[in-house]
Every structure is written in C-alpha cells, then in structure tokens.
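What follows is one structure encoded as structure tokens, with my remarks underneath.
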Amino acid sequence: MSMFKKVVIIGTGLIGGSIGLGLKKRRLAKEVIGFSRRLKNARLAKRLRAIDRVGSDLSVVQGADLVILATPVDSIVSFALKISRLVDKKCIVIDVGSTKAAIVRKLSRVIPNFLGCHPLAGSEKKGIRQINGEIFKNSICVITPIRSTAKSTVVKIKRLWQALGARVIALPAKDHDRILGFTSHLPHLLAFTLIDAVPRQFFPFSASGLKDTTRIAASDAGLWSEIFLSNRSNCLDALAVFQTRLLALQLALRKQNKKLLIKILQHASQKRKILK
C-alpha cells in the first residue's frame, strides 16, 4: 500500500534520484514527479525510472502530499521559499541537506509541515547516472524535529526512511551539525588536503593506504565548499581539535620520543577498532 499519493522531488541528482528509485521500487508512492533546474537531468531520471514524470515548473508541487528538497545546501532555502505559497498546508516538506541548523530555523517559519532530514548515505560520485535505490539500506538518517513539528509528520517520515532501509535517529539540528562537523565534514576536509599534499610524481608508488584514505577527495568541490561554509563554525572547531592532535604527533617525531609516539598511535588504533 502506498504511503503517499503524489511525491515531488526537487533536485534529481544522486540522492534525489535514489530516493525516487527507492520509492518506486517499494511502491511507496502512487506518483513520483521530478523537478530539476536542468531539465535534461529530470528527463534522464525518468528514463532511468527514478520518477514517473518530469515537472516543468515549481507549480507541480500543488496537490502533493510530500515534497522532497534534494538540491545543494545553498539552494534549499530559496527553493523552499518559492514553493511555500504553492504547497498545501497538510503537505509534508522535507530536505536532505548535509547541514541542518540554518535550514530548519528558516524553513520551519515558512512551511508549517516541514521536517529536516539528512540521510547519511552517498558517494564521492555525483549525478543522476549514479543513482541506487538501495543506497539507504543499513544507513542512518537523522531527522531534526522541533517542538512545533506534528507527531504524525515525524511518524510518517520515520516510516518512510525505514522503508527505504535506513535507521532513523532524531537529533536537534545544532547537535546534528556539531556531530557531522567531526564525523563527515572533517574527514572530507582532511582528504582534500592530504591528496593535495602528495606530489603528483609520487602517485605511481601509492598503495591502498593513500587510495583508501583519500577516496572521498574525489567528491564534487562545489558541493562540498557549500557544505563547509554552511557549517563553518563546527568545521573550524573540528579542524582545531585535529590540529592539536597533529601538533602532538609532530612533537613526538621532532623529539624522537618513541614512548609518546606509541602512546598516540595506540590510542588512535583503539578508537578505530571501536568504530563499526
């Protein structure tokens, strides 16, 4: 049985397209419509069967019972403002942005039935051609309800993500941004920096260590610059903590202090073994 009658996905890239594919595969919606600033992307999404039809303009959200904002972080708010007068009051609107505090604060004021979401799934690859209807399986999706969020909305969206295969965790938006600053944004910042520090002429001698550690540095620079800037303070805090650890490592090497070096490495190794 379908959970939704009409779903409109604004932004038919990797995540938006994968949601559409998952919705259709599991028959969670009677109709899935895709809208993209680039019409060819939405048309490709239809050819890939991620959506049922292409929306030619934003008026397509009229009559929808679920709208998903799956555009880059820096354009989510502007799209939400554009559709705020078009969507029905009962229509649930969610976003899938990688940062939440500013988005939740602004959108909850203009859209009565808004709920912030962040599926912790994806790839260093981007675009509709990379869609995967199983991308959310065994992943985590963070939802960021506020006091005014209807319980029925939280329940329904939680069921939606669970149906797509994700485990749902509710967090305040500020806590989400603080945590992701360390667990997602910091690793990307370091991966970009690490690969940039390695001379290109040394690449033929690289083994799996360098490749595995810097895989996410192949991610889209424009997309990630927007994410970093939208979570600037938490990224800076995470970098400051990392810098402290890096300075301790540099000191141990400079002083040839093997005991301290082993202590630092063992502590890090033990923490990594806890990570699943």
### Query
So which of 30/151; 5/106; 24/82; 24/276 end up more than 29 Å apart by C-alpha?
24/276
### Query
Using the count of nearby Cβ atoms within 10 Å as a rough guide to exposure, how do 148, 108 rank from fewest to most?
148, 108
### Message
Can you compute 3J(HN,Hα) from phi for each residue in segment 74-82, using the Karplus curve 6.51 cos²θ - 1.76 cosθ + 1.60 with θ = phi - 60°, rounded to whole Hz and x for Gly and Pro?
### Response
6, 10, 4, 4, 5, 5, 4, 5, 5
### Query
Given 10, 179, 71, which one lies farthest toward the positive end of the charge dipole of the chain, if we put +1 on the Cβ of every Lys and Arg and -1 on the Cβ of every Asp and Glu?
179
### Burial ordering of 203, 35, 182, fewest other beta-carbon atoms within 10 Å first
203, 182, 35
#### Entry: Anisotropy class of segment 4-171 from Cα gyration tensor, a/c 1.5 cut
rounded
### Task
Taking H placed 1.01 Å from N in the peptide plane, check which residues at least 5 places from residue 136 or on another chain put their amide H under 5 Å from its amide H.
none
## Note on the structure
Env charge @ residue 106, Cβ radius under 12 Å, K,R +1 / D,E -1, value +2
### Query
Whose amide H sits under 5 Å from the amide H of residue 141, counting only residues 5 or more places off or on another chain, with H placed in the peptide plane?
120, 167, 168, 169
## Note on the structure
Sorted by chain and number, the residues with a modelled amide H under 5 Å from that of residue 9, at a separation of 5 or more or across chains, are 33, 34, 35, 68
### Summary
Using alpha carbon centers only, segment 125-171 is separated from segment 203-231 by a whole-angstrom value of 25
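Take 188, 118 and order them by how many other Cβ atoms sit within 10 Å, fewest up front.
Ranked by crowding around the Cβ, least crowded first: 188, 118.
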### Query
Helix 221-230 sits at what angle to the longest principal axis of the chain, using alpha carbons and giving 0 to 90 degrees rounded to 10?
90
### Query
Which residue, 154, 110, 67, has the most motion in a Gaussian network model of the chain that connects Cα atoms within less than 10 Å?
110
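Readers should treat all values here as calculations from the given coordinates under stated rules, not as data from a laboratory. This structure is a prediction, so every number in the text was calculated from the model and none was measured. Positions of Cβ are backbone-derived with ideal geometry, glycine not excepted, and every protein chain shown enters the neighbour counts.
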